[in-house]
1. By its C-alpha gyration tensor, with a ≥ b ≥ c as the square roots of the eigenvalues, how is the stretch 142-204 shaped: rounded for a/c under 1.5, else prolate for a/b larger than b/c, else oblate?
2. Counting only other residues whose beta carbon sits under 11 Å from that of residue 146, what net charge do I get with K and R as +1, D and E as -1?
3. For the chain, give me the percentage of DSSP beta bridges that are antiparallel, rounded to the nearest 5 percent.
4. Shape call for the chain from the C-alpha gyration tensor, a ≥ b ≥ c root eigenvalues: rounded (a/c under 1.5), prolate (a/b greater than b/c) or oblate?
5. How would you classify the stretch 144-275 from its alpha-carbon gyration tensor, with a ≥ b ≥ c the square roots of the eigenvalues: rounded for a/c under 1.5, else prolate if a/b is greater than b/c, otherwise oblate?
6. Select from the chain the helices, each a whole stretch of DSSP H, whose alpha-carbon atoms run 15 Å or more along the helix axis and whose Kyte-Doolittle mean is at least 0.5; answer none if there are none.
7. Could you sort 195-201, 180-186, 342-348 so that the peptide with the highest average Cβ count within 10 Å comes first and the rest follow in order?
8. Enter the mean projected area of the convex hull around the alpha-carbon atoms of the stretch 98-321, in nm², rounded to one decimal.
Amino acid sequence: MNKPMGTIVSEAKFPVLVTPLPGPNAKDVIARDAQFLSPSYTRSYPLVAKSGRGATVEDVDGNLFLDFAAGIAVVSTGHCHPRIVEAIQRQAAELIHISGTDFYLPIMVELAERLATIAPGKEPKKVYFGNSGTEAVEAAIKLARYHTRRDKIIAFHGCFHGRTLGALSLTASKAVQRKGFGALLSGVFHMPYPNSYRGPWTESISFLENELFKRLVDPQEVAAIFIEPIQGEGGYVPAPAEFLLELQSICRKNGILLVADEVQSGMGRTGKWWAGDHAGLEPDILCVAKGIASGMPLSATITRASLMDWKPGAHASTFGGNPVCVAAALATMDLLETQYIENARRVGEYLMGRMADWPARHRIVGDVRGKGLMIGVEIVRDRTTKERAGDFREAIIDRAFEKGLLLLGAGENTIRIAPPLVIDEEQADFAARTLEECIREVEISA
Ligand code: PLP
């Protein structure tokens with residue numbers, strides 16, 4: 001049965017599929033998309049979205065999906081939370097844009113104050129606002145170079161920091177993201193990301209000290225080391241706390257700034273404001289975006305006040321700190337603080353509990369890892385060899401879509417579980433059951 005565009009199936013918590021996928025309206029949009037949109041976008045499967053409520057998304061044919069991708073870990077408070085919608089509508093009626101880089105705006109100050117309060121470390125903080133994760137990273141690169149008067153940067157294999165040319169120079173997730181764009185920023189070095197499933201974290205520190213610092217770059221020339229405390233796009237890999245603290249101490253010893261890119265792992269997703277909080281990390285610069293404003297484009301680069309010493313005109317953005325986005329961020333922080341960070345911790349723990357024994361029970365599940373509602377399920381050809389199986393991963397995600405569960409991949413062969421932080425245990429159960437069913441189907445047919 002086809003539903004005309006514009007009707008909402010229900011406020012149901014679970015998938016309701018009413019057409020084959022993709023449905024007729026979806027097929028039409030996909031054909032027009034192919035004609036007019038950039039072919040650089042990667043679409044995993046044919047979801048054509050129309051509306052969203054909480055953790056569900058309705059497509060243009062009236063099919064309802066359970067969303068465990070959250071717009072790539074963005075809609076932290078769920079789709080169209082009434083408090084967020086209300087804050088956006090109220091602010092849009094009052095003032096849509098003024099350019100906070102030229103004029104003052106009370107709510108911009110209010111948001112900066114609140115972010116400064118929750119950023120790790122006791123020293124007073126300052127905040128730079130941009131529009132996207134890559135801009136938060138771009139600002140961090142420029143500020144690190146400006147403040148230290150050093151120009152070398154170290155980042156990690158597998159990490160993703162964005163796609164503008166500066167941030168892309170740090171990104172080392174997939175070659176296709178860099179291919180064809182010519183020379184990137186010079187003076188950028190990469191080191192192995194610690195991955196407990198594949199080796200001891202000490203190897204990564206040893207590479208930094210014995211290879212990079214001895215053969216390629218003097219630490220005194222390094223402005224900053226950029227790290228995702230939980231690697232996101234690269235495979236949902238948490239860095240061990242001991243590793244993060246050791247890295248921090250190496251940075252301090254050498255006058256290198258430690259930049260935590262918490263664009264994906266931040267804003268409560270892991271059950272604390274920042275993934276680094278689980279280790280007691282105190283980065284010099286913190287990059288935030290994605291979940292900060294429940295889907296409105298906003299990013300923040302947060303540092304100690306004494307570090308943000310660039311002069312007027314050194315860096316700015318027309319839209320950065322847009323009033324409507326800032327209003328959405330303030331409402332998002334209220335909701336996260338009072339309900340959803342704790343929910344992410346509780347339901348995340350529950351979901352982990354449901355999935356922890358999968359590597360023991362499934363030949364093709366190598367590892368289940370993560371914190372809060374940032375969980376990676378690594379799919380391998382055979383758990384004894386740990387050979388990465390991207391084809392199995394794709395097949396599992398496609399099957400999940402056909403059952404109404406939206407998931408995304410991360411890295412070469414990991415399934416990323418990043419639902420809105422509003423899900424309840426029943427939805428977690430449904431997702432775990434459905435995902436396990438898909439894993440079993442692929443395992444049997446392999
Ligand atoms: N940093 C991290 C850790 C990310 O996960 C992403 C996006 O996935 C970015 C930076 C770039 O963010 P954006 O796509 O908003 O530019």
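All of the numbers you see were taken from the coordinates with simple rules; none came from a lab. These figures come from a predicted structure and were not determined experimentally. In this analysis, Cβ positions are derived from the backbone assuming ideal geometry, glycine residues included, and neighbour counts consider all displayed protein chains.
1. On the way: a/c = 2.61, a/b = 1.30, b/c = 2.01.
Oblate.
2. Residues close to residue 146 contribute a combined charge of +3.
3. 65 percent
4. oblate
5. Cα axes put the stretch 144-275 in the rounded bin.
6. 106-118, 323-335
7. Result, highest mean Cβ count within 10 Å first: 342-348, 195-201, 180-186.
8. One quarter of the hull surface, i.e. the mean projection, equals 12.1 nm².
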